[in-house]
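Report on the following structure.
Just so it is clear, none of the values below were taken in a lab; they were calculated from the coordinates. In this text the structure is predicted, and so the values were computed from the model without any measurement. Quick reminder, even Gly has a Cβ in these numbers, built from the backbone with ideal geometry, and neighbours come from all protein chains shown.
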Amino acid sequence: MGTCEVQRTTNMDLVLHQFDEHLLTPYVYPETWLEDDIIRQALSLFVITLIGADLMYLLLASFSYVFIFDKRLTKHPRFLENQIWIEIKATLKAAPYTTMLTVVMFLIHIRGYSRLYDRIEEAPFGYWSVPLEVVTFLLFTDSCIYWIHRGLHHRLVYSTLHKPHHAYKITTPFASHAFHPIDGFSQSLPYHLYPLLFPMHKYLYLTFFVMVNFWTVSIHDGDFRVPEFMKPFVNGSAHHTDHHLYYNYNYGQFFTLWDRIGGSFRDPSSYSGEGPMDQILNSEKLEDFMNKKQDFIEEKISLTAGYKRQDSKVARRR
Ligand SMILES: [Zn+2]
Ligand SMILES: [Zn+2]
């Protein structure tokens with residue numbers, strides 16, 4: 001491999017470069033198919049992204065389901081029959097189409113149109129650039145997702161694009177990626193747009209790409225606990241659960257900021273003891289109370305019947 005080629009490959013996307021170097025170039029593609037051929041890049045990215053995304057989804061959602069998700073939520077009357085399988089099937093069915101759209105964005109980055117950089121020396125403000133990128137990436141993507149998500153609730157597109165994700169009123173971690181492909185892609189578009197507009201370190205970008213998947217799973221995991229100091233400004237599972245239940249509230253992704261500005265903020269029902277878990281526990285308490293009441297009435301009837309029998313025996317003896 002010549003110096004020119006080394007230079008070219010080091011500028012390419014980190015993940016694709018690793019796959020090319022260790023697997024695809026030596027073992028998969030013919031020698032004549034160059035690494036920077038756009039069709040080869042698109043094909044490689046499609047396969048890597050699809051397998052990676054499906055595996056990450058299944059692993060994260062399974063981990064969250066086993067260790068975090070409160071299974072009592074499946075007893076809620078609005079929880080669908082076989083819902084978990086429906087969520088998984090919907091996600092895996094949409095994944096190839098969402099990946100196709102995502103690959104277009106990756107190609108734009110890889111072909112050199114993004115402002116991603118490799119080394120901290122290339123950063124505009126040295127090491128200070130990293131925390132600045134963290135804050136601006138979160139604020140930029142959160143703002144964009146709020147408006148895109150709100151737009152997806154418009155009556156012209158809602159039933160085709162976004163309603164499938166709202167089929168789940170009480171979500172499990174497996175609902176986190178269950179979107180119509182255009183819905184899923186459009187809500188991830190801000191993550192691709194940021195590095196086209198602003199400089200960003202490649203490692204930070206990759207880290208965020210994994211972290212946002214953790215976040216998406218976490219707002220669907222039905223774990224409504226949030227540290228007290230974060231409650232006013234972090235859009236957690238409690239907020240997103242209410243979004244699935246009551247539609248026009250809490251469109252945000254990370255923060256409650258835009259919901260407050262846009263007038264769509266709703267204090268989560270679970271914070272005031274009226275969330276889905278409270279409804280389940282209250283109905284169980286009510287059922288328990290009704291059962292006890294029924295037992296008490298039956299006991300009283302049998303006792304009364306016993307007394308009556310005794311009274312009639314006494315009367316006959318007289
Ligand atoms: Zn929605
Ligand atoms: Zn959701």
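Brief remarks on what is shown
- Histogram of C-alpha separations across the chain, 20 Å bin width, %: 26, 46, 17, 7, 3, 1, 0
- Distance between the modelled labels on ILE297 and LEU132, one decimal in nanometres: 7.3 nm (7 Å Cα→Cβ projection).
- Over segment 32-97, the alpha carbon radius of gyration divided by the compact-protein estimate 2.2 N^0.38 Å works out to 1.62.
- With the charge dipole of the chain set up from +1 on Lys and Arg Cβ and -1 on Asp and Glu Cβ about the Cα centre, the Cα lying farthest toward the positive end among the listed residues ASN82, LEU206, LEU152 is that of ASN82.
- Local electrostatic count, SER114, Cβ distance below 10 Å [Lys/Arg +1, Asp/Glu -1]: +2
- More than 20 angstrom apart: percent of Cα pairs within segment 1-150: 67 percent
- Total formal charge among the other residues, if their Cβ is under 13 angstrom from that of PHE255, Lys/Arg +1 and Asp/Glu -1: 0
- Most positive-pole-ward Cα, LEU60, ALA175, ILE38, against dipole of the chain from beta carbon charges: ALA175
- Nitroxide proxy distance, nm - points 7 Å out along Cα→Cβ at PHE229 and ARG150: 3.0 nm
- Nonlocal amide H pairs with VAL234, under 5 Å, H built at 1.01 Å: THR256
- In order along segment 221-226, the Karplus-derived 3J(HN,Hα) couplings, from 6.51 cos²θ - 1.76 cosθ + 1.60 at θ = phi - 60°, round to 8, x, 9, 8, 7, 9 Hz, and Gly and Pro are given as x.
- Counted over all Cα-Cα pairs of segment 215-296, pairs farther apart than 20 Å make up 38 percent.
- Computed over the chain, the per-residue total of -39500 (n - 2.57) for DSSP H runs of n ≥ 4 gives a 222 nm mean residue ellipticity of -20000 deg cm²/dmol, rounded to 500.
- The C-alpha atoms of segment 183-239 occupy a region whose extents along the principal axes are 35, 26, 17 Å, arranged from largest to smallest.
- Dipole moment magnitude, nearest 20 debye, the chain about Cα centre, only Lys, Arg, Asp, Glu C-beta charged: 2400 debye
- Cross-link table LYS93/LYS231; LYS93/LYS202; LYS71/LYS169; LYS89/LYS163, entries beyond 24 Å C-alpha to C-alpha: LYS93/LYS231; LYS93/LYS202
- Other-chain or far-sequence residues with amide H under 5 Å of MET200's (modelled H): LEU116, TYR117
- Which of SER272, SER129 has the fewest Cβ neighbours within 10 Å, and the rest in rising order: SER272, SER129
- For ARG266, residues with placed amide H under 5 Å, excluding near neighbours: ASN250
- Remark: segment 66-71, residue by residue, has Karplus-estimated 3J(HN,Hα) of 6, 9, 10, 4, 7, 5 Hz, where x stands for each Gly or Pro and the curve is 6.51 cos²θ - 1.76 cosθ + 1.60 at θ = phi - 60°.
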